[in-house]
Every structure is written in C-alpha cells, then in structure tokens.
Amino acid sequence: MVSNVFRTGLCLMAVTALVACGQGRERVPNRVKTGPDEFSIVPAKPLEKPASYNDLPVPTPGGSNRTDATPNADAIVALGGRVPTGGVDGGIVSYASRYGVDPRIRADLAEDDAKKRTGRGSYERAYKRFALDSYEEWLRLRALGIQVPSAPPQD
C-alpha cells in the first residue's frame, strides 16, 4: 500500500514538474517566430568615404541620406535608364514645351477663369456645359465599334 501511494505521489510530482516547465500559452504555428521577417529587412547601400571631410554637405534633418535605399531609382538604373534629377522628367517637359512656353500662362488662365465665373457663382455652374456624360460617351463609342470593357454606372 505504501508503494502505491509512493508511486502515485512520484507520478504526480513528475507531471507537475513537466507542466511547470511548459509554455504558458497554446502553441499555434502562426505564432511561432524562428527568425526575422525577411520582407522587413532592407539592405543599406555601402558607406562611402568622402573625398574631403571639410567639404561635407550640411545635414538636412528629415532629408535623405546617401546610404538610404532607393529601390525605384536603383531599378531604373539596373534596366538601363537614367534617374531624373530634380523630381521632373525632362523628356516630358521637353516634349510639352517643343513649340515654346508662355511664361504668363498661369496668370492668363487665372484671369480667363475669373472672367468666366463672374456672375455665375460656383465653379460647377460656370463649367457645367463642358462636363461629359460618361454613359452617353460609352454609348457613342460602342456605336463607333470601339470596344469598351465595361459600362460606367448610370446615374
């Protein structure tokens, strides 16, 4: 009888010890993290030694760093293109200004717009007759035999 009580007590102590060493929460495969997220790691560009430490550019808080990743520009260069400087695509600007550029175009348009809206109130009322009806345009294109993938919603 003592041996049965002893064995039962020993088994209970072993089970208690095993349960105490286990994790406190249920193991779910989605929660298991064995390493870093491979998509959150972005390799930095290698550090470069400047030609002169006296001619370093002034720091720009919130600006970019030469070692920051620039995936769009890197892809353009890798595909044989040139990265536009200054944020403007020079090819588009050159094409748009091929017949010359009026330096007062913005001022002239603002004046014409002000004249157009005089006495008509809001922008919508002044330009209402220039608005397109998307459904009517869809019907017109279909009548010409032009394939339109889907119909616009009808108001």
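The values are calculated or read from the model by the stated rules, or taken from the named source; none is laboratory data. The structure displayed is predicted, hence computed values, not measured ones. Using ideal geometry, Cβ is built from the backbone for each residue, glycine included, and neighbour counts are taken over all protein chains shown.
Picking from Arg82, Arg120, Arg125, which residue would you name as being among the basic types (Lys, Arg) and modelled with pLDDT of 80 or more?
Only one candidate passes the filter, namely Arg125.
Select from the range 109-155 the residues that are surrounded by 12 or more Cβ atoms within 10 Å (Cβ to Cβ) and aromatic (Phe, Trp, Tyr) and list them in ascending order.
Tyr127, Tyr135, Trp138
Kindly list the number of the only condition in (1) surrounded by 10 or more Cβ atoms within 10 Å (Cβ to Cβ); (2) in a loop (DSSP other than H, G, I, E, B); (3) at pLDDT 80 or above that fails for Ala51.
Tallying (1) surrounded by 10 or more Cβ atoms within 10 Å (Cβ to Cβ); (2) in a loop (DSSP other than H, G, I, E, B); (3) at pLDDT 80 or above, Ala51 fails exactly one: (1).
Taking only pairs six or more apart or across chains, which ones have beta-carbon atoms under 8 Å, a first residue in the range 122-151 that is assigned to a helix (DSSP H, G or I) and among the basic types (Lys, Arg), and a second residue that is at pLDDT below 85 and surrounded by 11 or more Cβ atoms within 10 Å (Cβ to Cβ)?
Filtered contacts from the range 122-151: Arg142/Val148.
If Asp68 meets every condition in (1) surrounded by 10 or more Cβ atoms within 10 Å (Cβ to Cβ); (2) outside any loop (DSSP other than H, G, I, E, B) apart from one, which number is that one?
Exception for Asp68: condition (2).
Are any of the residues in the range 114-121 of a type in the set (Lys, Arg), within 30 Å of Ala73 (Cβ to Cβ) and more than 32 Å from the chain's Cα centre (by Cα)? Talk me through it step by step, then tell me what you get.
Going residue by residue through the range 114-121, those that are of a type in the set (Lys, Arg) are 115-117, 120.
Among the residues that remain, those that are also within 30 Å of Ala73 (Cβ to Cβ) are: none.
Within the range 114-121, not a single residue is of a type in the set (Lys, Arg), within 30 Å of Ala73 (Cβ to Cβ) and more than 32 Å from the chain's Cα centre (by Cα).
Of these, Val93, Val77, Val83, which one is out of contact with any Phe, Trp or Tyr (no Cβ under 6 Å at 6 or more places or on another chain), in a loop (DSSP other than H, G, I, E, B) and β-branched (Val, Ile, Thr)?
Residue meeting the stated conditions: Val83.
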